[in-house]
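Colleague: Handing you this structure, nothing more for now.
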Amino acid sequence: MKVKVGNQWHDSNEEPICIQVSEGEQEQIGSMDRSVATEGKYAIFPDNWRGQALLEWMQSGDEGGRG
């Protein structure tokens, strides 16, 4: 599992990772469509984040999330 916090990726092969998801988030993750989210990415953002900023953040440093 790899998680991105802020601008840094963390890899569970190198350090322990724990995430806590709400019931709604668990349902959303469980129903992910891998034909749309081909890399299996699921992100939660602060309420004040909008549009292009969301996409730019998810794509920045993307090489850290591959593999």
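Colleague: Can you list residue pairs whose Cβ atoms sit under 9 Å apart, with the first residue in the stretch 47-61 being under 15 Å from residue 4 (Cα atoms) and the second being among the small types (Gly, Ala, Ser) and part of a loop (DSSP other than H, G, I, E, B)? Count only pairs 6 or more apart in sequence or on different chains.
Modeller: Correct list of pairs: 54/43; 57/43; 58/43.
Colleague: Separate question: Between a residue in the stretch 1-26 that is touching a residue at least 40 places away in the same chain (Cβ under 8 Å) and among the hydrophobic types (A, V, I, L, M, F, W, C) and any residue that is surrounded by 10 or more Cβ atoms within 10 Å (Cβ to Cβ) and in a strand (DSSP E or B), which pairs come within a Cβ distance under 7 Å, given they are 6 or more apart or on different chains?
Modeller: 9/2
Colleague: Follow-up question, since we're still on this one. Among the residues of the stretch 21-57, write down those that are polar (S, T, N, Q) and loosely packed, with under 10 Cβ neighbours inside 10 Å.
Modeller: 22, 31, 35, 38, 48, 52
Colleague: Of all residues being at negative phi and part of a loop (DSSP other than H, G, I, E, B) in the stretch 48-67, which is modelled with the highest pLDDT? Just the residue, please.
Modeller: Within the stretch 48-67, the subset at negative phi is 48-50, 52-60, 62-66.
Next, only the ones that are part of a loop (DSSP other than H, G, I, E, B) stay: 48-50, 60, 66.
Values: 48: 87, 49: 84, 50: 81, 60: 79, 66: 52.
Ranking the qualifying residues of the stretch 48-67, first place goes to 48.
Colleague: On the basis of being surrounded by 12 or more Cβ atoms within 10 Å (Cβ to Cβ), part of a loop (DSSP other than H, G, I, E, B) and either charged (D, E, K, R) or modelled with pLDDT under 85 (or both), does residue 4 make the cut?
Modeller: no
The values are calculated or read from the model by the stated rules, or taken from the named source; none is laboratory data. This structure is a prediction, so every number in the text was calculated from the model and none was measured. Methodologically, a virtual Cβ is constructed for each residue, glycine included, from the backbone with ideal geometry; neighbour enumeration extends over all protein chains shown.
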